[in-house]
Amino acid sequence: MTENNKTQLRVGRLTKAHGLKGAMKLELFTDDPERRFVPGAVFTLQVPTSSPWHGKTLELAELRMYNGHPVGFFKGVPDRSAAEALVKAILWIDLDEDAVSDEEDAWYDHQLVGLKVVRDGEQIGTVRLVEHLPAQDLLIVKTPAGEVMVPFVKAIVPSVDLAAGVVTVTPPAGLFEELPDEPDDGPPEAPEEPVAD
C-alpha cells in the first residue's frame, strides 16, 4: 500500500477483542514482530470508510502473549466495545526505505508483486499477490489460464532477481498446466498360475 508517496507494509490484523480492557488478539503478517510491535509503534488502519476509525492511526501500548497468541493493548482503546469496533482492521506501517534485511532470500511483498514469472526462459505469468500461510508462503501467479498458487520454496522458486524484475520457477509437472489423463486399460491381468502335472 502506498500512502503520501510512502510505501507501507501490512504487518498484522486485529482478529477479536480479548477481555474487558480493550485488548485485541492479533494475526501477525511479519517475520519480525519484536521490531514491528514495540510500545509506541504507530499503525495506519485499513478499515471500512463507514468505521469511526477510518483515516486514523493506532499506537501500541503493549504486546503480550496469551496461550501462544499475540494480544495487543492500544492507546485510545479503553474497553471491549472500543476493541470490537476494530475487529478485522488491518495494520500497516511505513517502510523504512533505508532498512536492509540481513536475511538472505527475504523480500517484502510489494517487491514481489508485479514481477514476471519465468520458466525455462519464457514468461508464464506475473506475481499478483503473496499469501502468508502457517506452513509456507504462496505466490499467487496470474497466468493466461487463471491464477496459480505456487509454494514459495527454494525447490520451486530457485531465484528472485529484483533488478531484472524476474522470479524464476521450476515447478513440478501439472502445477501450471493440466496433465494428460493416463489411459485407463482396466486392472492389470493376473499372471497365469503354472499348472501342476
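Brief remarks follow.
- Top-ranked residue in segment 44-91 [being β-branched (V, I, T) and open to solvent by less than 50 Å² (accessible area, probe 1.4 Å); ranked as farthest from F29 (Cα to Cα)]: V77
- Applying the condition of being among the acidic types (D, E) and either modelled with pLDDT of 90 or more or in a strand (DSSP E or B) (or both) to segment 84-118 and asking which residue is nearest to G40 (Cα to Cα) yields D94.
- Strands (runs of 3 or more DSSP E) wholly inside segment 119-178 containing at least 2 residues that are of a type outside the set (A, V, I, L, M, F, W, C) and surrounded by fewer than 14 Cβ atoms within 10 Å (Cβ to Cβ): 122-132, 146-151, 159-161
- Candidates V166, V160, V113, V141: the one that is β-branched (V, I, T) and touching a Gly at 6+ places or on another chain (Cβ under 9 Å) is V141.
The values are calculated or read from the model by the stated rules, or taken from the named source; none is laboratory data. All values derive from a computational prediction rather than experimental measurement. Note that each Cβ is placed from the backbone with ideal geometry, even for glycine, and that neighbours are counted across all protein chains shown. Side chains are part of the model used for accessible areas, which takes the heavy atoms of the whole protein and leaves out ligands, DNA and RNA. Shrake-Rupley method; radii C 1.70, N 1.55, O 1.52, S 1.80 Å.
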